[in-house]
Amino acid sequence: MKSMKILAPLALLLVLAACDDKPAPFGDFENRVSIEQSSEVSTIFVKQTTLSDERSFYATTPKPVDRDVTLLFAADESRVADYNRRYGASAAMLPADFYEIEGAEALIAAGTNRSEQVTVRFHDLDRLDTEALHVLPVSMSSSDGLARLASARTVYYVLQGAAIINVVATLSEGNYIAFDEVLDGESASCKVLDNLEAFTLEALIRCRSTVLDAGIKTVMGIEGHCLIRISDNGLAPNQLQVVLPTPYGTSNFSEAATCLIPAEKWTHIALTCDVASGRMILYIDGQVAIDKSGNTFKAVNLGTPYVNPSREVYGFNIGYSYTSGRELDGDITECRVWNVVRSQEEIAANVYEVDPESEGLVAYWKFDEATGETIRDHTGNGNSGKAHAALKWTSVSLPEAAGTPEGGADEN
């Protein structure tokens, strides 16, 4: 019994001692440093108009470091073969005169677990041969004695040529782009689209074969005020028509010989109007389809809904006017509104892309989101539209090479 009394307190002391032996708060494992990334490959699409780009990353450790740790990063040509083997590619090392690494010496401060930012800046990309695939592996070359995680010490930047336009929206019956939430005549953003005394409207479309069937198909605008549409009473099914406001109502413009829109072919439409001179010009694929002077026009208000004499209210839409059944059936991209009259040369030279900060550009819907139902206004004026229903996106490659068949691959 006496021995039992002695052993019991001893056992209790051993248990208490074990309880004091607490594990380290971040675990008892080696603190390996790695590049923080969602994917080890980052692809940069280089368009004809791409001049520069940049990508950034950090290095992290699972738990804070107990001293300052200096990391070094550098381009690592030795990893090109590894990239090609793992991804079945035949990429060449990106030449050194196309990039620079800013923050190549990055610090993880004592008590923290994240490094300073490392930024890879790509420049002069307009000189890069986009027919070839290039890769820039950037590796952690030194970690100041800290162990590196081998599987996450390199990031690969892949540069490949791309078309100017790679995805477009596909509209059809029951779907269009509405702007009633922003172009309501009251919001501050809509004012840039009102009182247009001189303007240019543009859109790049590809109509389905239904463009040859009877019925109106709408490109963009406001019913009863300012509208670009295909067909009307007395017109061919695929004959483009422009509606512009006058002091007495509206005037319609179309020419049977020059305003026919083909099926399954990309067609660029541009309308210019100068209210003061009374001149309107319609361009189709950069060529003059209509040129009418001596008209009496009113200023156009695309930011304010139009109320007709019957008190019916119509707002600005892309791909819709008046009532259901008049939607555009086809693909659309590069819709723009300018508060200046663009010249024929300017229009023809900028079918596929313009600088969002171009003088006079007041609305710019590129339709390049590739997902979702919101179509962003790239001018920064905030007049983004929303699809009436789930939007279908289609992969394309524009401009098309000579001899390329029309068509595209569905994204969703």
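Keeping to the range 199-237, report how many residues are in contact with a strand residue (DSSP E or B) (Cβ under 7 Å, 6 or more places away or on another chain) and either surrounded by fewer than 19 Cβ atoms within 10 Å (Cβ to Cβ) or within 27 Å of Ser310 (Cβ to Cβ) (or both). So that I can check it myself, show each step before the final result.
Initial filter on the range 199-237 (in contact with a strand residue (DSSP E or B) (Cβ under 7 Å, 6 or more places away or on another chain)): 199-209, 211-212, 216-232, 235-236.
The next check asks that each one be either surrounded by fewer than 19 Cβ atoms within 10 Å (Cβ to Cβ) or within 27 Å of Ser310 (Cβ to Cβ) (or both); those that pass are 199, 201, 208-209, 212, 216-232, 235-236.
Residues flagged as in contact with a strand residue (DSSP E or B) (Cβ under 7 Å, 6 or more places away or on another chain) and either surrounded by fewer than 19 Cβ atoms within 10 Å (Cβ to Cβ) or within 27 Å of Ser310 (Cβ to Cβ) (or both) within the range 199-237 amount to 24.
Which strands (runs of 3 or more DSSP E) does the range 248-316 wholly contain that include 1 or more residues that are over 35 Å from the mean Cα position of the chain (by Cα) and either exposed (fewer than 14 other Cβ atoms within 10 Å of the Cβ) or aliphatic (A, V, I, L, M) (or both)? I'd like the intermediate steps shown before the answer.
Values: elements: 249-253, 266-274, 279-284, 287-292.
Qualifying strands (runs of 3 or more DSSP E): 249-253.
Yes or no: the range 115-129 includes at least one residue that is among the charged types (D, E, K, R) and at positive phi.
Let us first name the residues in the range 115-129 that are among the charged types (D, E, K, R), namely 116, 121, 124, 126-127, 129.
From what's left, at positive phi: 124.
Yes, some residue in the range 115-129 is among the charged types (D, E, K, R) and at positive phi.
Name the residues in the range 353-378 that are assigned to a loop (DSSP other than H, G, I, E, B) and surrounded by 19 or more Cβ atoms within 10 Å (Cβ to Cβ), would you? Walk me through how you get there before you give the answer.
Applying the first criterion (assigned to a loop (DSSP other than H, G, I, E, B)) to the range 353-378 yields 353-360, 366-373, 376, 378.
Within the range 353-378, Val354, Lys366, Phe367 meet the criteria.
So which of Gly234, Gly224 is over 27 Å from the mean Cα position of the chain (by Cα) and touching a residue at least 60 places away in the same chain (Cβ under 8 Å)?
On the way: Gly234 fails: touching a residue at least 60 places away in the same chain (Cβ under 8 Å).
Just a single option satisfies the conditions, and that option is Gly224.
Residue-by-condition table, conditions (1) without any contact (Cβ under 8 Å) to a residue 12 or more places away in the chain; (2) charged (D, E, K, R); (3) touching a Phe, Trp or Tyr at 6+ places or on another chain (Cβ under 9 Å); (4) under 20 Å from Leu193 (Cβ atoms):
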site: Phe316; (1), (2), (3), (4): no, no, yes, yes
site: Gly330; (1), (2), (3), (4): no, no, no, no
site: Thr333; (1), (2), (3), (4): no, no, yes, yes
site: Gln344; (1), (2), (3), (4): no, no, yes, no
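Restricting to the range 42-58, name every residue that is surrounded by fewer than 17 Cβ atoms within 10 Å (Cβ to Cβ) and of a type in the set (A, V, I, L, M, F, W, C).
Phe45, Leu51
Is there a residue in the range 353-369 that is touching a residue at least 40 places away in the same chain (Cβ under 8 Å), among the hydrophobic types (A, V, I, L, M, F, W, C) and in contact with a helix residue (DSSP H, G or I) (Cβ under 7 Å, 6 or more places away or on another chain)?
Yes, there is a match, as at least one residue in the range 353-369 is touching a residue at least 40 places away in the same chain (Cβ under 8 Å), among the hydrophobic types (A, V, I, L, M, F, W, C) and in contact with a helix residue (DSSP H, G or I) (Cβ under 7 Å, 6 or more places away or on another chain).
Determine whether the range 129-137 contains at least one residue that is of a type in the set (A, V, I, L, M, F, W, C), in a loop (DSSP other than H, G, I, E, B) and out of contact with any helix residue (DSSP H, G or I) (no Cβ under 9 Å at 6 or more places or on another chain). Show your work before the answer.
The initial filter retains those residues of the range 129-137 that are of a type in the set (A, V, I, L, M, F, W, C), namely 132-133, 135-136.
Right, trim to in a loop (DSSP other than H, G, I, E, B) and you get 132-133.
Then keep just the ones that are out of contact with any helix residue (DSSP H, G or I) (no Cβ under 9 Å at 6 or more places or on another chain); that gives 132-133.
The answer is yes; a qualifying residue exists.
In the range 154-210, how many residues are of a type in the set (Phe, Trp, Tyr) and not assigned by TED's automatic domain parsing to the domain that holds Val288?
Residues of the range 154-210 that are of a type in the set (Phe, Trp, Tyr), as a first pass: 156-157, 176, 179, 199.
With not assigned by TED's automatic domain parsing to the domain that holds Val288 added as a condition, the list becomes 156-157.
Here the count works out to 2.
Being in a strand (DSSP E or B) and either out of contact with any strand residue (DSSP E or B) (no Cβ under 9 Å at 6 or more places or on another chain) or aliphatic (A, V, I, L, M) (or both): is that true of Leu107 here?
Yes: the conditions hold for Leu107.
Sort out which residues of the range 59-72 are crowded, with 16+ Cβ neighbours inside 10 Å and out of contact with any Asp or Glu (no Cβ under 8 Å at 6 or more places or on another chain), and write them in order of number.
Thr61, Val65 - these are the residues of the range 59-72 that are crowded, with 16+ Cβ neighbours inside 10 Å and out of contact with any Asp or Glu (no Cβ under 8 Å at 6 or more places or on another chain).
Which is of a type in the set (Ser, Thr, Tyr) and at pLDDT 95 or above, of Ser56, Ser90, Ser52, Ser39? Let's see the steps before the verdict.
On the way: Ser56 fails: at pLDDT 95 or above; Ser52 fails: at pLDDT 95 or above; Ser39 fails: at pLDDT 95 or above.
Residue meeting the stated conditions: Ser90.
Would you check which residues across the range 164-199 are among the acidic types (Asp, Glu) and out of contact with any helix residue (DSSP H, G or I) (no Cβ under 7 Å at 6 or more places or on another chain) and list them? Write out each step before concluding.
Initial filter on the range 164-199 (among the acidic types (Asp, Glu)): 173, 180-181, 184, 186, 194, 197.
Selection gives Glu173, Asp180, Glu181, Glu186, Asp194, Glu197.
The values are calculated or read from the model by the stated rules, or taken from the named source; none is laboratory data. Only a predicted model underlies this, so the values are computations on that prediction, with no experimental measurement involved. Cβ sites come from the backbone with ideal geometry, for glycine too, and all protein chains shown count toward neighbours.
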